[in-house]
1. So if each residue of separation counts as 0.36 nm, and I subtract the Cα-Cα distance between R139 and R16, what length gain in nm does that give?
2. Run the reach check for K22 against lysines, Cα to Cα strictly under 17 Å, same-chain hits fewer than 8 apart removed. What comes back?
3. Rank the residues V42, V83, V140, V50 as a footprinting-exposure proxy: fewest other Cβ atoms within 10 Å of their Cβ go first.
4. Quick one: net charge around N169, please, counting Lys, Arg +1 and Asp, Glu -1 for every other residue with C-beta under 14 Å from its C-beta.
5. Report the calculated FRET efficiency for A164 and D66 (r = Cβ-Cβ distance, R0 = 41 Å), to the nearest 0.05.
6. What FRET efficiency would be calculated for the residue pair E25, S120, taking the C-beta separation as r and a Förster radius of 30 Å, to the nearest 0.05?
7. Restricting things to alpha carbons, tell me how big the stretch 1-42 is in terms of Rg and Dmax, in Å.
8. Considering just Cα atoms, how many Å³ per residue does the convex hull of the stretch 137-176 enclose?
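Rule-based calculations on the coordinates, nothing more; no lab input. Owing to the predicted nature of the structure, the values given are computational and were not obtained by experimental measurement. Cβ sites come from the backbone with ideal geometry, for glycine too, and all protein chains shown count toward neighbours.
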Amino acid sequence: MEQILANDIDEVLVTRDDIRAKVEELGALISKDYSDKNLLMVGILRGAFVFLADLIREVHIAMETDFIAISSYGSSTNTSGVVRILKDLDDDIEGRHVLIVEDILDTGLTLNYLVKNLSSRRPASLEVCSFIIKEGKQRVPIMPKYSGFTVPNTFVVGYGLDYAQKYRNIPIIGTLKRSAYEDDGLV
Ligand code: IMP
């Protein structure tokens, strides 16, 4: 049976045009700030791969990319803060100017863990760029140097963000209709 994912979206919070403009803006800022530095952009898999792919094409200086894959214990809608590294970085980051690229900052526990972990590897600098910040959810004080949009305290999908591994390919950020998840025990 054909399944049109867009039909599961309740409200569009960030449109394609908003995304495009914001990614351009962030890319310009990063290009300026790192113009004389050996920038390494680290995408957190899986969610950040869509944002990272767009963002690097708006960064107009020499740079490299690497990825780290993590999984949080607990369900996708309820992060526990205990993070497991599924795939570590390929490169040594000692002395590098590292920019962690994340899809969404929710409780902040994941980024808090990663910042601590990567700091211990002695990078020259370590900053965070999170495309989305969820309002009022942060349990640890973490403020990304670069961020795109703030969304209300609700579960969102699209532009790399999933629910049960689906919806990452939707080119907007939006909320899900109840019918898309009520059979999955989310409510
Ligand atoms: P945190 O540790 O609570 O900040 O959670 C961060 C991770 O949880 C993100 O990288 C996402 O993978 C996932 N996450 C948090 N909120 C959402 C959401 O609204 N939609 C999809 N994934 C989310």
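1. Value of the extension gain: 41.3 nm.
2. Excluding near neighbours in sequence, the set is K32, K134, K145.
3. Details: V42 26, V83 18, V140 13, V50 21.
Ascending number of Cβ neighbours within 10 Å: V140, V83, V50, V42.
4. Details: positive: R16, R46, K166, R168; negative: D8, D54, D103, D162.
Local charge sum for N169: 0.
5. With a Förster radius of 41 Å, E is 0.90.
6. In this case the efficiency is close to 0.40.
7. Rg, Dmax (Cα atoms, Å): 16.9, 53.
8. 95
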